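Read the structure below first, then the notes.
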Amino acid sequence: MRRYYVVELSGEWVLSRRGDDELPIAVLTDVLTKLNGFEKQSSSFTELSFSLDASVPKEEVERKVEELLRIRYGVEKSDVVTKFAAGVPVELDDSIFPDEAADFFEEKEDAERAARSKEKSDEPDEEETYTAAEAAVHVVMSRISKLVGAKEFKELANEIVKVAPLLSAGKLPEVFAGRSYLFSIGDGDGLSTYLQLLASLIAVTGVRSMQEHNVHEVKVPSGALYKDPSEAFAEASGALSGGFGSSKPKVVCIDISEWMDNVNSEAFKKFLRRVEKSLSDNLVVFRVPFVDKDILASLAYSLSDLLTVRTVTFPPLGRDEITLCAKQELDEYGFSMASGGWKHFHERIAEEKRDGKFYGLNTVHKVVAELIYAKLLRNAEKGQTSTVISPADAKVICADTGAGGKLRGMRELDALVGADGIRRQIEEIVAQINFSMQDGEAERPCINMRFVGNPGTGKTTVARIVGRVLKEQGVLRIGDLHECSGRDLCGRYVGETAPKTASICRDAYGSVLFIDEAYSLFRGDDNERDYGREALDTLVAEMENHRGDLVVIMAGYTDDMEKLMQGNAGLRSRMPYCIEFPNFTREQLAEIFRLMAQGRFKCDEALFDAAKDYFAGLSDETLGSKEFSNARFVRNLFERTWAKAAMRCQLAGSREVVVTKADFERASGEKDFSFDMPKRRRIGF
């Protein structure tokens, strides 16, 4: 006989201990392993389920937990333990759930015991075993409880479990069968997982005769693609009609994102009538992106003309929730992260977000896989078997961000070519911040900035340094750089822009949000399908509401950035600092090339003379045009020269790469770099 337990800790408290070498659950596991017959069933970031020999008193287990929390962490059990459940001694038939039989337990309340005892005879009370149905419900609910975030989905699951016995007792399955759902969830945020869990929960609770894995997802394309808009619903209608190998009802998820602003059209209403007729054979879930709550309410109201619809929202995961997901996944693979490694993990996540195409949990899974592979590779190289991912291990998966490895703060600016004027302006800003903090001002001065200038003049590099400087000065908590383009703030559908912009800002709390090509947010027209103005309004609100924990830097061409300031009346006053990034001179471009080359390879002296002559030959028109990319142009030329040298050395059988004048001349003579060079006179025809 064994007794099953669960201990669940407050997620907020566990997150507050994320800097510890070991998670509280891991420490708790080590303590409990000393008890007789300990067997861990499962664990997560906040929860441990296990079994012990039935001879171990429940009071002994509870005492161990209390002592650990009080002595090691200085907290009381009642403050951080959200659940302590112990089942009665039981022998489970493993054939019920071969892989998960021991993964369930159920808390027995005194009131329930008393109620059951009244129904029994005067014979001594016997401890009960659990039914297969109870075990099945618990297994699914245990999975749902371990989800990170998804508060409304968890509330829906609890609601279904509570109402299931009443529906069965009253023989009213048609009451539940008439219900549909509207999920508001972003790409990659786990839609398929939630649908599978919903199908499983409905099946095990018995509210409908449902096959657990019978889930079908379909997207309805825009009606504008068809002569008859009703044709857009052909695939969705086919999914509702069946033909998927089971006579039992199935979950059909219909993505109606393309129809969000056309839900009152005749074609859409016609499809809803088709959905209404199919509810006896299907449980229908409509899916849209995570959108503004008012837009979602309006959409639900339109769907409710013909259907009973329950709305469930899935907000994007924040930084702490992403950390929690990654910790859980690492734990499943038997790995853990040293506290210093999380900085690099979030740098990698920020890199994934820079192109505006972050896919939530899918991206987190990808980055965790990269972490584990990097660790395994280092283990193989060093002959180790460590499962703790160190900061050095985690740093491998991050892109090289240039300066910032050895230098800090203002000294990084000193190392940049042609940044003297920029350094002076940033020093003035920092001095004002320090003065206001020492003077005890109630609010920190607004320090959002505009970086104006042509491409390749160092705006992103300086923005990254500004984040580090403000972190050193105690102005920002984290000091990282979060990059995006202006159009990344805009959604694809009505109502998607405001929450998307807010989510990007939320990721950057405590750091710098760098918005490149920010001028693309305002195009100076009244196009209702352009959501740039809505993004600006949301951004201004975020800048005001979080002025003490967020610095926004907008970057772009000088003239275009001036037009942007006209896009929102409050924008200019909230971005008081404007730093100009001039084009590099010919001498500075040559110096940048020299620094790049000397930092990587052996070079002959004639190489730098050739580079100096090359940049001296660039015309004023080239240097002053918007198309000329300054340091970016130099980097491209250097990499082309490097490629020429590498190929030459490889053909010569040399392992060492030495960059020569001839390599540079071959690279600079190619079409991409010879656009401005004097043309050679042709011989003959």
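Every number here is computed from the coordinates shown, using simple stated rules; none is lab data. Just so it is clear, the model here is predicted, and its values are computed rather than measured. In this analysis, Cβ positions are derived from the backbone assuming ideal geometry, glycine residues included, and neighbour counts consider all displayed protein chains.
Remark on Gln41: its backbone amide H falls under 5 Å from those of Ser49, Phe50, Ser51, a criterion applied only to residues 5 or more positions apart or on other chains, H modelled at 1.01 Å from N. In this structure the amide hydrogen of Gly491, modeled in the peptide plane, comes within under 5 Å of the amide hydrogens of Thr497, none closer than 5 places in sequence on its chain. Summary of packing: across the peptides 251-264, 76-89, the per-residue average of other C-beta atoms within 10 Å ranks them, highest first, as 251-264, 76-89. What FRET efficiency do you get for Ser386 and Val31 if R0 is 30 Å and r is their Cβ-Cβ distance, rounded to the nearest 0.05? For Ser386 and Val31, the calculated efficiency is 0.80. Close amide-amide hydrogen proximity is noted between Phe514 and His482, Glu483, Cys484, Ile553, each under 5 Å apart and 5 or more residues distant or on a separate chain (H modeled in the peptide plane; Pro and chain starts excluded). The simple Förster model, with R0 at 51 Å and r as the Cβ-Cβ distance, assigns Gln432 and Ala369 a FRET efficiency of 0.65. Here the Karplus relation 6.51 cos²θ - 1.76 cosθ + 1.60, evaluated at θ = phi - 60°, turns the backbone of the range 609-620 into coupling constants of 5, 5, 5, 4, 5, 4, 5, 5, x, 6, 7, 4 Hz, with x for every Gly and Pro.
A simple spin-label model places pseudo-atoms 7 Å from Cα toward Cβ; at Glu544 and Glu580 they are separated by 3.1 nm. The alpha carbon radius of gyration of the range 282-345, expressed as a multiple of 2.2 N^0.38 Å, is 1.74.
Checking the Cα-Cα distances for Lys83/Lys151; Lys395/Lys471; Lys146/Lys277; Lys40/Lys151; Lys83/Lys293; Lys459/Lys661 against a 25 Å cut-off, the pairs over it are Lys146/Lys277; Lys40/Lys151; Lys83/Lys293; Lys459/Lys661. The phi-based Karplus calculation (6.51 cos²θ - 1.76 cosθ + 1.60; θ = phi - 60°) puts the 3J(HN,Hα) values of the range 145-160 at 5, 7, 5, 8, x, 6, 4, 5, 5, 5, 4, 4, 4, 4, 5, 5 Hz, whole numbers, x for Gly and Pro. When only Cα pairs below 8 angstrom with a gap of at least 6 residues are kept, the range 191-339 shows a relative contact order of 18 percent. Per-residue packing, averaged as other Cβ atoms within 10 Å, sorts the ranges 195-206, 312-323 into the order 195-206, 312-323, beginning with the highest. The relative contact order of the range 551-654, computed from alpha carbon pairs under 8 Å that lie at least 6 residues apart in sequence, is 28 percent.
Here the contact order of the range 501-584, divided by its residue count and restricted to Cα pairs under 8 Å and six or more residues apart, works out to 39 percent.
Multiplying the residue separation of Gln473 and Ala569 by 0.36 nm and subtracting their alpha-carbon distance yields 31.5 nm. Treating r as the C-beta distance of Ala85 and Arg411 and R0 as 56 Å, the FRET efficiency rounds to 0.50. Taking Lys and Arg as +1 and Asp and Glu as -1, the other residues whose beta-carbon sits under 13 Å from that of Asp393 total +4.
Couplings 3J(HN,Hα) for the range 358-364, derived from phi with the Karplus relation 6.51 cos²θ - 1.76 cosθ + 1.60 (θ = phi - 60°), are 8, 10, x, 4, 4, 5, 4 Hz, where x marks Gly and Pro.
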